[in-house]
Amino acid sequence: MADLKTNYKDDVLDTSKNEKRKFRMIQNDDGTVSFEDATEYTQEGDPFGGADINATNGKVNEINESLSKKQDASTAITTSNISEQNVNAVGGSTIDDIHTDAQKRVNTRQEKLIMELYTASTNTNYAIVNKEGYTLLSAHTVRDDSSYFVKGINKRNDGRYTLIIDGLTSSATMSFWLTWAKE
């Protein structure tokens, strides 16, 4: 699997011209309206969509599978018929010592990544999320349709995260899958 993108950019609003995002309402021929972003930016951020979350989840699954195999291998050694008295590793460690150390490492790595279902109230097209001591890696909506999706994640100066939701024009309560990494 290829390396994941690590140079995402956030939208940076031109605060000399606007303090909030601006949208134009366009009348469609069928009686509906569409919204066009009219915000002036000093920097436009990168989109974050299904391909990004699929790549991120693929990497997480790959790491979990790798950790699972390492755990299985250490268990196989300790449950085999090798006599502990005859097998010592470098430095005098026994097979049980190696197994205990490997188990600690596996548990530590697994505790660093968590995925949770998070329900938040949105304010028009964004929601604020936070988890003390963790960095937000990815977010996506939990819905039966594809009307709304997380377009971007911005880290705020106060340490919380803003989830930008595409297509949402009014406040709502929404559920998100959030992937966090322990700092």
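The values are calculated or read from the model by the stated rules, or taken from the named source; none is laboratory data. Being a predicted model, the structure only gives us computed values, none of them experimental. Note that we place each Cβ from the backbone using ideal geometry, even for glycine, and neighbour counts take in every protein chain shown.
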Hey, can you tell me all the residues within region 124-163 that are in a loop (DSSP other than H, G, I, E, B) and of a type in the set (S, T, N, Q)? Thr124, Asn125, Asn130, Ser146, Ser147, Asn157
Residue in region 7-27 that is farther than 22 Å from Tyr161 by Cβ, surrounded by 10 or more Cβ atoms within 10 Å (Cβ to Cβ) and out of contact with any strand residue (DSSP E or B) (no Cβ under 9 Å at 6 or more places or on another chain) present: yes
Condition (residue is among the basic types (Lys, Arg) and closer than 30 Å to Trp177 by Cβ) applied to region 23-39: is it met by at least one residue? no
Residues located in region 164-182, provided they are touching a Gly at 6+ places or on another chain (Cβ under 8 Å) and either in a loop (DSSP other than H, G, I, E, B) or at pLDDT 85 or above (or both): Ile164
Filter region 144-155 down to the residues that are surrounded by fewer than 14 Cβ atoms within 10 Å (Cβ to Cβ) and either of a type in the set (A, V, I, L, M) or touching a residue at least 12 places away in the same chain (Cβ under 8 Å) (or both) and list them by number. Ser147, Lys155
For Ser80, which of the numbered conditions (1) farther than 30 Å from Tyr161 by Cβ; (2) modelled with pLDDT of 85 or more; (3) of a type in the set (Gly, Ala, Ser) fails to hold? (2)
Checked Ala51, Ala55 against criteria (within 24 Å of the chain's Cα centre (by Cα) and closer than 18 Å to Leu163 by Cα); the one match is Ala51
Those residues that are closer than 9 Å to Ser171 by Cα and of a type in the set (Gly, Ala, Ser), I need them from region 111-126; list them, please. Ser121
